[in-house]
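Right, one structure below, let's go through it.
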Amino acid sequence: MGLRDEEELEGRRGDPQEEEEEEEEEEEELVDPLTKIREQCEKLEKCVKTKELLDQCNSRVSSRTRTEEECTEELFDFLHARDHCVAHKLFNSLK
């Protein structure tokens, strides 16, 4: 019986899998720069306006039981405004 066996029997030696999990928890959580920049861009005036129009459309469509109206145009307008902003900022933040 070796030292490791004795430590395992006495409970002094931790499970290797538990040690790996603890190391992973200690590592800094990575943040996607795209997500961060999208959130920043959504706060800009042009994006806020298009988001408000999208929300109004969604509310209008949701309040009706039978409608053929969709909010596709409003969604595309919002995504275009946000992505236009993101395109100018994203590559500056990449390493």
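The values are calculated or read from the model by the stated rules, or taken from the named source; none is laboratory data. Every value quoted in this text rests on a predicted model; they were computed, and no experiment measured them. Just the protein is used for accessible areas: all its heavy atoms, side chains included, with ligands, DNA and RNA removed. Shrake-Rupley method; radii C 1.70, N 1.55, O 1.52, S 1.80 Å.
Limited to region 41-95, what total is found for residues that are in a loop (DSSP other than H, G, I, E, B) and not hydroxyl-bearing (S, T, Y)? Even if it seems obvious, please write down each step before you answer.
Of region 41-95, the ones in a loop (DSSP other than H, G, I, E, B) are 42-44, 64-71, 94-95.
In the following step, the residues that additionally are not hydroxyl-bearing (S, T, Y) were identified as 42-44, 64, 66, 68-71, 94-95.
Result for region 41-95: 11.
Give the residues of region 47-95 that are small (G, A, S) and open to solvent by 70 Å² or more (accessible area, probe 1.4 Å), sorted by residue number.
The answer is S59, S62, S63.
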